Structure formats: structure tokens, C-alpha cells
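Asker: Pasting a structure below so you can have a look.
The values are calculated or read from the model by the stated rules, or taken from the named source; none is laboratory data. Worth saying up front: this structure is predicted, and the values here are computed from it rather than measured. In this analysis, Cβ positions are derived from the backbone assuming ideal geometry, glycine residues included, and neighbour counts consider all displayed protein chains. Heads up: the accessible areas ignore ligands, DNA and RNA and are worked out on the full protein's heavy atoms, side chains in. Shrake-Rupley method; radii C 1.70, N 1.55, O 1.52, S 1.80 Å.
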Amino acid sequence: MAAKSQPNIPKAKSLDGVTNDRTASQGQWGRAWEVDWFSLASVIFLLLFAPFIVYYFIMACDQYSCALTGPVVDIVTGHARLSDIWAKTPPITRKAAQLYTLWVTFQVLLYTSLPDFCHKFLPGYVGGIQEGAVTPAGAVNKYQINGLQAWLLTHLLWFANAHLLSWFSPTIIFDNWIPLLWCANILGYAVSTFAMVKGYFFPTSARDCKFTGNFFYNYMMGIEFNPRIGKWFDFKLFFNGRPGIVAWTLINLSFAAKQRELHSHVTNAMVLVNVLQAIYVIDFFWNETWYLKTIDICHDHFGWYLGWGDCVWLPYLYTLQGLYLVYHPVQLSTPHAVGVLLLGLVGYYIFRVANHQKDLFRRTDGRCLIWGRKPKVIECSYTSADGQRHHSKLLVSGFWGVARHFNYVGDLMGSLAYCLACGGGHLLPYFYIIYMAILLTHRCLRDEHRCASKYGRDWERYTAAVPYRLLPGIF
């Protein structure tokens, strides 16, 4: 059945004794109310090992030239101890702390103090003040969309410095990569902890908070749906896009500069990684308004999963290909390079067109053409926690008639292209495609669980019309 409001749920105490009044204003779809043993085990595993995984990858590059098995072999054979590896790891430095503080402060200022002007002169770009989706409690938040502007200004300053000002070396990010890792961890844990405390004691919207009674799950998956400071500083939108994704292309540029410094040239593999990942990043900010309708904003609460993940996991593990190419400069043959470029561009085309089809369908309420035809739809409805009945439509035409998450196929093709650009010498750069395959498959299942709870039998009609989740004929 479709989600219903909860009219008479008594007060429940969380693990640390803070009372949570689950009123009728809270919805049943979205993040879980209760935690099963498997979810709790997964949460504890990630809290314990995700920071170690990031450290291991970065340390393997720094000390073992990106050989993932190197540290393990050394420890097993007695050639090194954990204390030896840790002793060789660069600590946090004052320079890194100042650099990171300046970076985050600059991005906060661009986000909060400079209203978007790009939408006034860029045809087709949607920026400025925009509305998000309806929250489980029935609220509609407004956002200041100015990510493209922040990305452009940041990169204009970067290139001005590189070619005119010479305030700092373009290799500055690579040169401070591990000390910056500790700074990113400090911010990630600080913002996640603050978000949890805020959710308990002074939430932005108490109606959209969820407590499970389990401290670890609340900390990781978040309590507040949209924690904010003031009217416009939205934690979820800021940390999902800035500072991590704005930094993504700067990090790659710094890696390219370091490769040139060390090897006197930039390889075509490094160029491909920079170009293909820049396309993805620019697309993200060009379509930031569309992002307000994605799973991160529409369903996930803000906790360690997003707070630490956006500060540490994203900038450090999504850029492994560029880091690897600093240590192992790969010059691809022309056929190999062309194949990688085509795979990346075709993947981007599928990703972008699929998302455009859904966005066009939503904006026009189905009064549009998909692949030259009137779209087929599944009419559905759901109830938000304020008791309001909402009507919606699910698209079953175009790429969305091929599979229920076919946009992820394009994402996976692009991810594979980044990895193939690094050749076949090491496993490390292929972590990204392995991780993305797991992440997107899990996201398919999470999204479908939410939709089944939200739409009930209407979702069953949709899955009957589009039977495959990701790959037609396979999954």
C-alpha cells in the first residue's frame, strides 16, 4: 500500500535519552525508522573501516607506488610493521590546515554571499532560487543554486594564478595531499557530529527528523532531513557539491601539473581522465537544479554517510586515476585512447539523455515527446505525513522504458572509461568501477524499496511495465 501518515505514534526515547515526538507530520518513506541487524552491522563496518580504506589507498600510492598488495606483503613477510608504515605517513601540517581552511571558507562565501548571475546570461541554464521536492513531512525547501558560478570563479582564479599571478604552485594539492587528508577528516567528522547534535537539540524542521534509537545508525545515516543554518545554508546541498566536487577538477589539474613536473610531459591518459571527469563535474553543476530531485536530496538524511563521505571519500577515492598516473605515466596507443574517449562520451550521452528525459517529463507533467512520441506513464499517488494526498506519474518511455535505472548504465560506462585510461598495470585505478557498480546496484535497491513503500500497488504496476532494474535481460 502507499505510504500513510502516522496519527497516533507515542513518544520514543533515543539511545541517549533524548525524547523524540514522532507526530503525524512524519512520513513513512525515506530513511529507516528501525534498524535490522544487517543494516547495523553494515553501518559499524563502514564507520570503522571506510577511513582506513581511504588511508590505505593513499598510503599505498605514497609509499608503494600504488601497489595495493605491497603493504600487506611487507607486513606478512616481516619487512615492515604497521608502526613503520605509519611513521612514514606525512602528518598534518600548518600549511595544509591553512590551505584547507582557506579553501572551505572561500567555498562557503561563494555559496552564501554571491547570488547566482549565470542564469541571466547562459541560455538553458537554470540557477538562482529554486524549489526542491516535497519532503516526507510535506515541506518544500528553497535553494540558492549557484554551483556553476562557484566552479567557474574558482577555476578562473586557478588558471589566473597558474599563468599570471603565481601565488602558489599548481602542484600544491598533490604536494600536500596526505596532510590535506587529515584536514578533510577533521571537517568530515566535525560536520557529521554537529549535524547529529543539531538534529537532537535544535533541528531546522523537527517534523522531518527520524530517530531509530540506535546511536550508530543515527550518526551515520543522519537524523535531520535538511539541516540548515539561516535561510540559505543547506548542509546537504553544500557538502554534496561544494567543496568536494568543485575540488575534483582542481585536484586532477594539480595531478597533471605534477606529472609534467616529474616527467616533463602530460600523457594522453592524464588528459583523458581530466577531460572525461571534467565533463561529469560541469554537467553536475549545469544541472544542479535537477540534482534537487535525486536520491541524495530527496531521500537521504544528512549524517556521516554524506558529511564525511563528501569531505573525504569523494575527493580522495574518485580521483585515484589521476593520482595513479602521477606515479605511473601511461601513454595510450591511438586506438586505445580513441576507444576510451568514445566509451566515456557514449556513457555520458546515455546518462545525460536519460536524466533529461525524466526532467523534461517532470517539468511538462508528461506533455512532451520522448523519442518522438507521446510518453507512456503509470499514474500513481502517495500520502505525505501531513495527510495530504499527492498524485504523480512514472515514466515508462525512452530510456526509462528500457530499464528502471538505465541512467546508471551510462554512469558505469563513464566510470569504466576513467579506469581503462590507466591501462592494465595495477588494480588500484579500477577500484572506482568496482565501487560504482556496488554503489549503483545498492542505490537501485534502496530507491526501489522507498518507491515500493511510497507508491504501494502503483509501484507494482510500474515494475510489471518495466521489468528490469539496470541491464535488460540480466538485472
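Asker: Just checking, how many residues over region 445-467 are among the small types (Gly, Ala, Ser) and under 27 Å from the mean Cα position of the chain (by Cα)?
Answerer: 2
Asker: In region 441-475, what count of residues is obtained for those that are part of a loop (DSSP other than H, G, I, E, B), in contact (Cβ under 8 Å) with a residue 60 or more places away in the chain, open to solvent by 30 Å² or more (accessible area, probe 1.4 Å) and not charged (D, E, K, R)?
Answerer: 3
Asker: Take the residues of region 292-320 that are β-branched (Val, Ile, Thr) and in contact with a helix residue (DSSP H, G or I) (Cβ under 7 Å, 6 or more places away or on another chain): which is surrounded by the fewest Cβ atoms within 10 Å (Cβ to Cβ)?
Answerer: Selected residue: Ile295.
Asker: As an exercise: evaluate Tyr324 against (1) surrounded by fewer than 20 Cβ atoms within 10 Å (Cβ to Cβ); (2) touching a Cys at 6+ places or on another chain (Cβ under 6 Å); (3) of a type outside the set (A, V, I, L, M) and give the number of the one condition it does not meet.
Answerer: With (1) surrounded by fewer than 20 Cβ atoms within 10 Å (Cβ to Cβ); (2) touching a Cys at 6+ places or on another chain (Cβ under 6 Å); (3) of a type outside the set (A, V, I, L, M) applied to Tyr324, the lone miss is (1).
Asker: Could you tell me whether Thr193 is among the polar types (S, T, N, Q), open to solvent by 10 Å² or more (accessible area, probe 1.4 Å) and either out of contact with any Pro (no Cβ under 6 Å at 6 or more places or on another chain) or within 20 Å of Leu102 (Cα to Cα) (or both)?
Answerer: Yes; evaluated as a whole, the condition is true for this residue.
Asker: Filter region 346-362 down to the residues that are without any contact (Cβ under 8 Å) to a residue 60 or more places away in the chain and in contact with a helix residue (DSSP H, G or I) (Cβ under 9 Å, 6 or more places away or on another chain) and list them by number.
Answerer: Matches in region 346-362: Val353, Ala354, His356, Gln357, Lys358, Phe361.
Asker: Just one of Val134, Val140 is without any contact (Cβ under 8 Å) to a residue 12 or more places away in the chain and more than 17 Å from Val246 (Cα to Cα); which is it?
Answerer: Val140
Asker: Just to verify a result, which residue in region 331-362, among those that are buried (at least 22 other Cβ atoms within 10 Å of the Cβ) and hydrophobic (A, V, I, L, M, F, W, C), is farthest from His426 (Cα to Cα)?
Answerer: Among those that are buried (at least 22 other Cβ atoms within 10 Å of the Cβ) and hydrophobic (A, V, I, L, M, F, W, C), it is Ala354.
Conditions (1) charged (D, E, K, R); (2) over 26 Å from Cys298 (Cβ atoms); (3) touching a strand residue (DSSP E or B) at 6+ places or on another chain (Cβ under 7 Å), marked per residue:
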{"site": "Gln63", "(1), (2), (3)": "no, yes, no"}
{"site": "Ala80", "(1), (2), (3)": "no, yes, no"}
{"site": "Lys88", "(1), (2), (3)": "yes, yes, no"}
{"site": "Val108", "(1), (2), (3)": "no, no, no"}
{"site": "Thr112", "(1), (2), (3)": "no, no, yes"}
{"site": "Phe117", "(1), (2), (3)": "no, yes, no"}
{"site": "Pro136", "(1), (2), (3)": "no, no, no"}
{"site": "Lys142", "(1), (2), (3)": "yes, no, yes"}
{"site": "Leu152", "(1), (2), (3)": "no, yes, no"}
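Asker: Checking Leu156 against (1) touching a residue at least 24 places away in the same chain (Cβ under 8 Å); (2) surrounded by fewer than 22 Cβ atoms within 10 Å (Cβ to Cβ), only one condition comes out false. Which one?
Answerer: So the condition that Leu156 fails would be (1).
Asker: Does region 363-391 hold any residues that are within 22 Å of Tyr468 (Cβ to Cβ) and either buried (at least 16 other Cβ atoms within 10 Å of the Cβ) or free of Cβ contacts under 8 Å to residues at least 24 places away in the same chain (or both), and which are they?
Answerer: Ile370, Pro375, Lys376, Val377, Ile378, Cys380
Asker: Something else: Which ranges mark the helices (runs of 4 or more DSSP H) fully within region 100-212 that have 1 or more residues being of a type in the set (Lys, Arg)?
Answerer: 177-201
Asker: Follow-up. Can you tell which of Ala417, Ala437 is of a type outside the set (Phe, Trp, Tyr), under 26 Å from Leu325 (Cα atoms) and either touching a strand residue (DSSP E or B) at 6+ places or on another chain (Cβ under 8 Å) or open to solvent by 20 Å² or more (accessible area, probe 1.4 Å) (or both)?
Answerer: From the options Ala417, Ala437, the qualifying one is Ala437.
Asker: Looking at region 159-177, which of the residues that are modelled with pLDDT of 90 or more and surrounded by fewer than 15 Cβ atoms within 10 Å (Cβ to Cβ) is nearest to the chain's Cα centre (by Cα)?
Answerer: Phe159
Asker: Against the conditions (1) part of a helix (DSSP H, G or I); (2) free of Cβ contacts under 8 Å to residues at least 12 places away in the same chain, where does Leu46 fall short? Just the number, please.
Answerer: It is condition (2) that Leu46 fails.
Asker: If you don't mind, there's one more thing I want to ask. Looking only at region 60-106, count every residue that is surrounded by 15 or more Cβ atoms within 10 Å (Cβ to Cβ) and without any contact (Cβ under 8 Å) to a residue 40 or more places away in the chain and tell me the total.
Answerer: 7
Asker: Continuing with this model, one more query. Restricting region 196-233 to residues that are within 24 Å of Ile129 (Cα to Cα) and among the aliphatic types (A, V, I, L, M), which is least open to solvent (accessible area, probe 1.4 Å)?
Answerer: Filtering region 196-233 for residues that are within 24 Å of Ile129 (Cα to Cα) and among the aliphatic types (A, V, I, L, M), the one least open to solvent (accessible area, probe 1.4 Å) comes out as Ala206.
Asker: For the condition in contact with a helix residue (DSSP H, G or I) (Cβ under 8 Å, 6 or more places away or on another chain) and farther than 27 Å from Trp286 by Cβ, what is the one hit in Arg81, Arg94?
Answerer: The conditions single out Arg81.
Asker: Also, quick follow-up: Looking only at region 28-52, filter to residues that are aromatic (Phe, Trp, Tyr) and at pLDDT below 75; which one of those is surrounded by the most Cβ atoms within 10 Å (Cβ to Cβ)?
Answerer: My answer is Trp29.
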